[in-house]
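Below you'll find the structure, written out as structure tokens, and then a few comments.
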Amino acid sequence: MSLLRHKITHVYTASHPRQAYLHNHLFYYRIMLFLTHWRRVFTPTSSLALRLYHVTSPASSVGQSVPKMADKESLVGSFSPPVELLTPLRVPQKTLLGPGPSNASPRVLAASALPLLGHLHPEFLQIMDDVKAGIQYAFQTKNALTLAVSGTGHAAMEAAVVNMVEPGDVVLVAVHGLWGERCADMCSRNGAEVRTINKPIGQNFTLEDIQKGIEYHKPCMFFICHGESSAGVLQPLDGIGDICRKHDCLLLVDSVASLGGTPLYMDHQGIDIVYSGAQKVLSAPPGASPISFSARARGKLARRKQKVPSFYFDMNLLSDYWGVGLQKGQPRKYHHTGPISSVYALREGLAKLAEEGLENCISRHQENALLLHQGLEAMGLELWVKDKAARLPTVTVVRVPEGVNWKDVASYIMNKYSIEISGGLGASAGKAWRIGLMGHNCTRDNVELVLRALKDALQHFGVRIQARL
């Protein structure tokens, strides 16, 4: 060490400051290597080597600004690496029979793990085109402005609202559960004059209800939720588009919980804007959400007096990224970095829908929902929606028997069977369970499984069940 100290005190000085700076830093770098080599004496946790470097560093003498590594080390040392991140990620396998997300198939999960591509690479642009074609098929539309919003179903709802609504616009919202309330909130935040027509949770709207509301409030847009998952209600759509067109009103439909599980025909039913989510019947991870705009909706977008308030959701800009209206060979325009892996997964979810066939997929959901409803009623349980025709096939809402805590039952089923069923939402919170049969999870085996688990849980908590399951 005495020899080392002797060398350190003899710092090279030259007539040219730059030469001195480079020479001396090379000298100290060699010392650092020497100290690192003898780690049994000078361990990485010791700051001696750094102190030696900074005590004698000539940076200040040549007017250079060099970060003080010792100071930085002390700062970093005050924030220890999170212990949680120093152990492997562990994710348990569960059967997700709540209102969403649903389990993804191995094929979809494998797609999520494929190598990343650049968001403007030609191979990824082709995948985007595949997704667009798949969404058009799922929605049954030829609309050019059809794409996947980067975000969950909530993002798609917001994208629809921010593009269609300007301050002062009158928007009529049909409220028979949480999602009508949520859309009304979003419209209000964007400056709309929001009007509502209301039904008790568990009931849907008649054409007469809708026509009276539109004639009275004279809105420029009418919102209705096709599959109200907070109540398990299916809203018929036939005829609503005709009423809206007659009164020069756009029709906005939420199909997050219904797409692929019950009939929806965008062009035929005169729907102007419709959006959905990836994590329900399509059984893909949430992160890229289908949306489509009719020619009438695009006309309103073009006539806006103000810019779309959200850059991220501006369909004028997203159109260029998704190639809407571009001729073959025209370059796409960068807007944002799309969620690459989510788009892969959505593509495969849509591919599975196309392979099964939309009508076959709808039939499968209706048949399994009927089996579930029959099994629940055979156990003496009451479904929230009394009208069988108004029951949503994808999400069934069951009333909690008197004296039973919904959370205790759901937790028992999770702990014993690793099955998720959820509680109510909005007005049904604390009063109901919600059982989802969607996409990859919509099988007869899962119907029988959840009925057995629910029967076991209810008997465990003292509820007498007579049915044989």
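The values are calculated or read from the model by the stated rules, or taken from the named source; none is laboratory data. Nothing here was measured: the structure is a model prediction, and the numbers come from that model. Cβ coordinates were reconstructed from backbone atoms using ideal geometry, including for glycine residues, and neighbour counts include every protein chain displayed. The protein model used for the area step is the full one, side chains on, heavy atoms only, and it has no ligands, DNA or RNA in it. Shrake-Rupley method; radii C 1.70, N 1.55, O 1.52, S 1.80 Å.
Tabulated data for the structure shown
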| quantity | calculated |
| --- | --- |
| Selection status of residue 191, surrounded by fewer than 18 Cβ atoms within 10 Å (Cβ to Cβ), assigned to a loop (DSSP other than H, G, I, E, B) and at positive phi | yes |
| Which numbered condition residue 131 misses (of (1) touching a Cys at 6+ places or on another chain (Cβ under 9 Å); (2) in a helix (DSSP H, G or I)) | (1) |
| Unique residue being closer than 24 Å to residue 319 by Cβ and of a type in the set (D, E, K, R) when the list is 209, 242, 169 | 169 |
| Flag for residue 327 being over 26 Å from the mean Cα position of the chain (by Cα), more than 22 Å from residue 184 (Cβ to Cβ) and either open to solvent by 30 Å² or more (accessible area, probe 1.4 Å) or modelled with pLDDT of 95 or more (or both) | yes |
| Residue identified as modelled with pLDDT of 90 or more and touching an Asp or Glu at 6+ places or on another chain (Cβ under 7 Å) among 83, 91, 108, 131 | 108 |
| Matching residues, segment 386-442, being open to solvent by less than 50 Å² (accessible area, probe 1.4 Å) and among the polar types (S, T, N, Q) | 394, 396, 411, 418, 422, 428, 441 |
| Among residues of segment 294-315, those that are in contact with a Lys or Arg (Cβ under 9 Å, 6 or more places away or on another chain) and under 23 Å from residue 347 (Cα atoms), counted | 2 |
| Condition met for residue 270 (over 22 Å from the mean Cα position of the chain (by Cα), within 30 Å of residue 445 (Cβ to Cβ) and not β-branched (Val, Ile, Thr)) | no |
| Flag if residue 464 is within 14 Å of residue 97 (Cβ to Cβ) and open to solvent by 50 Å² or more (accessible area, probe 1.4 Å) | no |
| Some residue of segment 166-178 being surrounded by fewer than 24 Cβ atoms within 10 Å (Cβ to Cβ) and at pLDDT below 95 | yes |
| Segment 364-376, residues that are open to solvent by 80 Å² or more (accessible area, probe 1.4 Å) and of a type in the set (D, E, K, R) | 367 |
| Filter result (out of contact with any strand residue (DSSP E or B) (no Cβ under 7 Å at 6 or more places or on another chain) and charged (D, E, K, R)) within segment 240-266 | 242, 245, 246, 248 |
| Only listed residue being within 23 Å of the chain's Cα centre (by Cα) and either assigned to a loop (DSSP other than H, G, I, E, B) or touching a residue at least 12 places away in the same chain (Cβ under 8 Å) (or both), chosen from 369, 354, 410 | 354 |
| Hits in segment 199-212 (condition: open to solvent by 70 Å² or more (accessible area, probe 1.4 Å) and free of Cβ contacts under 8 Å to residues at least 24 places away in the same chain) | 208, 212 |
| Residue satisfying condition, being acidic (Asp, Glu) and out of contact with any Gly (no Cβ under 8 Å at 6 or more places or on another chain), within set 208, 181, 193 | 208 |
| Filtered residue count, segment 132-165, keeping only those that are surrounded by 24 or more Cβ atoms within 10 Å (Cβ to Cβ) and either among the aromatic types (Phe, Trp, Tyr) or farther than 16 Å from residue 293 by Cβ (or both) | 2 |
| Failed item, numbered, when residue 317 is tested on (1) open to solvent by 20 Å² or more (accessible area, probe 1.4 Å); (2) aliphatic (A, V, I, L, M); (3) touching a His at 6+ places or on another chain (Cβ under 9 Å); (4) under 28 Å from residue 217 (Cα atoms) | (4) |
| Condition check for residue 381: open to solvent by less than 20 Å² (accessible area, probe 1.4 Å) and assigned to a helix (DSSP H, G or I) | no |
| Residue 100, sole failed condition from (1) more than 30 Å from residue 218 (Cα to Cα); (2) open to solvent by less than 60 Å² (accessible area, probe 1.4 Å); (3) in a helix (DSSP H, G or I) | (3) |
